[in-house]
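First the structure, in the form of structure tokens, and then the observations on it.
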Amino acid sequence: MTVDPNAATQGFPGPGPAPRGPHPARYLVPALVAAAVALALGVYGKVHDPAGTAFNLAGFSSTGAVKSWLATAAMFFALVQLVSAAMLYGRLPGPAWSGTLHRWSGRAAFLIAVPVAVHCLYALGYQTYETRVMWHSLLGCFFFGAFSAKMLLLRSERLPGWLLPVVGGLVFAVLTIIWLTSALWFFRTFGVTT
């Protein structure tokens, strides 16, 4: 009996399809949500008639002082986020509970930042009368859009290992610039007051 070496082999399945990477929509949806959030905040801030004040807390001399101290607290928790993320990614040694620290410091930073953003949007609106204020308004809207994208990406599976650190780093960098153009400016202009 002769065997044809070119004949198709029967009974053996061929190789399956190559595993595919994540669908591009996995990245597109968070990006579109980020753009929609940032744009909606910017439009609201621009068309809303600024009220001048949104809240004040007892013990503080002005709403600017309240806003600056809350922004500084949010910045502190963002720094904890940065350090705990470095622990999670093995860049710094850290305890087993660094993941819990990262999650809770992020929640605290966000919850503290929300009243500041509400005050900025409601009391002051989106303004562009000077360069510092324009960048603060623009990046404030961008921050909440980028934060929304990060939260959506957290629940995605099979992301490239570099994506979350890049988006998290972007969120941290933007928050830092927002703090520099608001709280630090306030403290340097009016003094470190309560």
*May I ask you to list the residues in segment 73-97 that are surrounded by 18 or more Cβ atoms within 10 Å (Cβ to Cβ) and among the hydroxyl-bearing types (Ser, Thr, Tyr)?*
Ser84
*Would you be able to say whether some residue in segment 179-191 is surrounded by 14 or more Cβ atoms within 10 Å (Cβ to Cβ), under 14 Å from Gly64 (Cβ atoms) and β-branched (Val, Ile, Thr)?*
yes
*Mind checking which residues of segment 108-121 are open to solvent by 70 Å² or more (accessible area, probe 1.4 Å) and within 15 Å of the chain's Cα centre (by Cα)?*
Leu111
*Test: Phe143 is surrounded by fewer than 18 Cβ atoms within 10 Å (Cβ to Cβ), under 21 Å from Thr72 (Cα atoms) and of a type in the set (Phe, Trp, Tyr)*: no
*asked:* Which count do you get for residues in segment 122-134 that are surrounded by fewer than 21 Cβ atoms within 10 Å (Cβ to Cβ) and touching a helix residue (DSSP H, G or I) at 6+ places or on another chain (Cβ under 6 Å)?
replied: 4
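The values are calculated or read from the model by the stated rules, or taken from the named source; none is laboratory data. Computed from a prediction, not measured in an experiment: that's the story for all the values here. Here Cβ is always computed from backbone atoms with ideal geometry, including for glycine, and neighbour counts include all displayed protein chains. SASA here: full protein model, heavy atoms, side chains in, ligands and nucleic acids out. Shrake-Rupley method; radii C 1.70, N 1.55, O 1.52, S 1.80 Å.
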